[in-house]
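Trainee: I'd like to ask you about the structure that follows.
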Amino acid sequence: MLKIENLHARVEGKEILKGLTLSVKPGEVHAIMGPNGAGKSTLGNVLAGRDGYEVTAGSVSYGGVDLLALEPEERAAAGVFLALQYPVEIPGVNNTYFLRAALNAQRRHRGEPELDSMKFLKLVREKLKIMQISDELLHRAVNEGFSGGEKKRNEIFQMAVLEPSLAILDETDSGLDIDALKQVAEGVNALRSSERSFLVVTHYQRLLDYIVPDFVHVLADGRIVESGDRSLAQRLEQQGYAWLAEHGEPAGAAT
Amino acid sequence: MSSPFVQSMLAAAETMPPAHKLLDAQRRERLQAFVEHGLPTTRREAWKYTSLRALEQRSFVAVDPDAPVEVDAAQWALPGVDGPRLVFVDGVFRAELSRLDALPAGLRLQPFAAPAEAKQATQDDMLAIYRQEIRRTRDADHAFTNLDLALARSGAILVVEQDAVLTQPIHLVFAGAPASQALAWHTRNMLLVESGARASVVEHHLGWGEQSYLSNAFSDIQVDRGGTLELIVLQQSAAKATLIRHTDCHLGAAATLRLHVLELGGGLVRHDLHARLAGEGARLDTRGVFMLRERQHVDTQLAIHHQAPNTASDSVWRGVADERARGVFRGAIKVAEGADGADAALSNKNLLLSAQAEIDTKPELEIYADEVKAAHGATIGQLDERALFYLRSRGIPLAEARALLTAAFCRAVLQDLPNEALREHLSTLLSERLPADEAA
Ligand SMILES: Nc1ncnc2c1ncn2[C@@H]1O[C@H](COP(=O)(O)OP(=O)(O)OP(=O)(O)O)[C@@H](O)[C@H]1O
Ligand SMILES: [Mg+2]
């Protein structure tokens, strides 16, 4: 389980996360909403261990381990997966090759045997049932020339293959057409289990009609300022974030 | 008064066997020219980034062609390259290591020896080369060219006769064997692809000893009308080796030269690659990469001269420098008056993997013709941090992620090499040059 306490983080000397507290139990789906620039992607990057994000206070433990002390690749091997808001194009690196290298690196790290190419292809075929992407995309360079939607599907496909225990989806729904949105949501739902938790960052309550969250949080100005069930998302959809201001103290401050 | 280097070259000249009197005269003249000018300094534009001051203070011993050498032929085995082979060890031709039996029809492949010891045919070959040279560079002050003309005792002669189509690649091996003292040798090669002929050649420089050595080579390449030469240069010299190469290419009408160069080894490496697209419709494709570590210094000087209409050149070069290595690349394209409709493209991208590494790149473009298409670009950068994070966030450890991205960066250089077995092997060699451990 993930336990974030009073997390403060800086980017380029600027404080972005200002005392963020959040707990996620195994099997739970937490949606995180909030205005542009609030720090949602920053939270994802801090959890995944990206360079340049300096944690100045607070703690993050995952499965009892100090997550912040681990390198990004160690976090991945420990089960953390971040689907990026803007997936990166990597010319010259074949998508399938990359995914196999990633899976085998994680398996090595966990002391599990590596998958040979036969076994890996079998796994890929199986996972394509969860998240369909074309053969052509599988064999192209990672995300190179992929459309926005194809990149997002590729992220979910990677997630299906890597089987993380904590998946952070940063606006995976942005830029998807209705059908793709449903497919992505179905993919996520197929991967829901009592051992796997999700942090779903989104601007649209529509996604939450398909991926039904256990909790909804509002992240504003670097803190969780409001938490509730999915009705909170509907309320935000109707009223925007303005009403939060009148709403008093941030929720994070109370804990 | 003269430097240890020059003195040692003079001493080497004393050991040259007597030759044809024209050659002897020519050699003396060249030696004279070399002594007069000495080694170039960094004040010379072409040597701006490559200092020879350390080399100047060193001396080298001439190779004794009769001294026994122990080498293992497995050193130069290459997948996909098992045809005819010519092997030189320390600049000395080794028949027992070569494979010259059952040469395909249309291929002439042989060494030339010192003419006094040689059969009539090789004497003529060598004289022909010298005459050509005298014509071309009458008053050149190129130190290493002069040295080569003065002191070369061997080299490869390769002729692909008119309309011959050779399927098996030809392997030219220039090895430096482990030695107890610093040796120097000079070789002179001639590759001629006659009209309508096709061939593929691997020029392979390698060494694996601890000792330093100097290998100085001059290669003359000529592709006649409608001929095609595919040349792959694999440079894996010993860590302390000094390797100086000058490659002079002449392309006739509708001739094609496709060149792939991998610079992996050596301590101090300089390659001057000059190409003249002299016949209408001639085409030159060059692909090259250097991948450097430690204190390696590799300097490539590419000069492409479009001299005839509708000639095309396309050059793709990549450079990677790690640790304290230094890479230099100059890509100069000149489109002469009258070479209308020429198409010249050059891309040179470089990657610095450490803060102590350095790469200097200098593209140059001169156009004096009409309707010319020219694209020219050079960049120096670091690994993309976003891509690195992306790979790591999926579980790939930092060192592996760096290796993966670096290999991807170099991929463009090998992807159009048709010999698949060789391509795979070269791509593995590139990956293996990368440091296994992280030193960010
Ligand atoms: N690398 C960076 N350099 C400088 N500022 C940054 C950097 N990364 C994030 N920031 C700043 O931190 C703040 C929070 O950014 P973040 O991307 O976390 O917001 P967000 O909540 O994900 O917004 P959005 O909904 O628009 O995706 C913004 O003001 C952003 O400009
Ligand atoms: Mg964001």
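The numbers here are math on the coordinates, done by the rules we state, and not lab data. Bear in mind that the values here come from a model prediction, so they are computed numbers and not experimental data. So basically every Cβ, Gly included, is an ideal-geometry build from the backbone, and we count neighbours across all protein chains shown.
Trainee: Got a sec? How would B:HIS186, B:HIS142, B:HIS37 order by Cβ neighbour count within 10 Å, fewest to most? Don't skip to the end; give the middle numbers.
Mentor: On the way: B:HIS186 25, B:HIS142 18, B:HIS37 13.
Result, fewest neighbours first: B:HIS37, B:HIS142, B:HIS186.
Trainee: On to the next question. Add +1 for every Lys or Arg and -1 for every Asp or Glu among the other residues with Cβ under 13 Å from the Cβ of A:GLY148, and state the total. Numbers along the way, then the final one.
Mentor: On the way: positive: A:LYS151, A:LYS152, A:ARG153; negative: A:GLU89, A:GLU150, A:GLU155, A:GLU171, A:ASP173, A:ASP177.
Net charge around A:GLY148: -3.
Trainee: So how do A:TYR53, A:TYR210, B:TYR213 line up by other beta-carbon neighbours within 10 Å, fewest first?
Mentor: On the way: A:TYR53 19, A:TYR210 15, B:TYR213 27.
Lowest count first: A:TYR210, A:TYR53, B:TYR213.
Trainee: So how far, in whole Å, is the C-alpha centre of the range A:166-203 from the one of the range B:272-350?
Mentor: 49 Å
Trainee: Continuing with this model, one more query. Given just the C-alpha atoms of the range A:62-172, how large is their convex hull per residue in cubic angstrom?
Mentor: Working: hull volume 11.9 nm³, N = 111.
Cα-based convex hull of the range A:62-172, divided per residue, equals 107 Å³.
Trainee: Then there is this: Please grab the % of Cα pairs in chain A that end up more than 25 Å from each other. Kindly include the intermediate steps, with their values, before the conclusion.
Mentor: Values: 13875 of 32385 pairs.
Considering chain A, 43 percent of its Cα-Cα pairs are separated by more than 25 Å.
Trainee: So how long is each side of the range B:133-268 along the principal axes, counting just the alpha-carbon atoms, biggest first, in Å?
Mentor: Cα extents, longest axis first: 46, 36, 21 Å.
Trainee: Also, I was wondering about something else. Taking H as built 1.01 Å from N, whose amide H comes closer than 5 Å to the amide H of B:HIS260, not counting residues under 5 places away?
Mentor: HN-HN under 5 Å from B:HIS260: B:LEU231, B:ILE232, B:VAL233, B:ARG287.
Trainee: Just to confirm a number: summing +1 for Lys and Arg and -1 for Asp and Glu over residues other than A:ALA9 whose beta-carbon lies under 14 angstrom from that of A:ALA9, what do you get?
Mentor: Details: positive: A:ARG10, A:LYS14, A:LYS18, A:LYS40, A:ARG50, A:ARG223; negative: A:GLU5, A:GLU12, A:GLU15, A:ASP51, A:GLU54, A:ASP221.
Net of charged neighbours comes to 0.
Trainee: Across 10 Å bins from 0, what is the distribution of all Cα-Cα pair distances for the protein assembly as shown, in whole percents?
Mentor: Result, from short to long distances: 3, 13, 20, 19, 14, 12, 10, 6, 3, 1, 0 percent.
Trainee: Here is a follow-up. Starting with the fewest neighbours, write out A:VAL161, A:VAL216 ranked by other beta-carbon atoms found within 10 Å of each beta-carbon. It would help to have the intermediate numbers written out before the result.
Mentor: Numbers: A:VAL161 21, A:VAL216 25.
Ordered from fewest to most neighbouring Cβ atoms within 10 Å, A:VAL161, A:VAL216 come out as A:VAL161, A:VAL216.
Trainee: Per residue of A:89-95, count partner chain C-beta atoms within 10 Å of its C-beta, then hand back the mean as an integer. Please report the intermediate quantities before stating the final value.
Mentor: On the way: counts 4, 10, 7, 10, 10, 2, 0.
If you average over the peptide's residues, the count of other-chain Cβ atoms is 6.
Trainee: Using each residue's phi in the range B:87-100, evaluate 6.51 cos²θ - 1.76 cosθ + 1.60 at θ = phi - 60° and report the 3J(HN,Hα) Karplus result to the nearest Hz, with x for Gly and Pro.
Mentor: 10, 10, 10, 6, x, 10, 5, 10, 4, 5, 9, 8, 10, 10
Trainee: Size of the range B:4-383 along its principal axes in angstrom, Cα-based, largest extent first?
Mentor: Cα extents, longest axis first: 56, 51, 43 Å.
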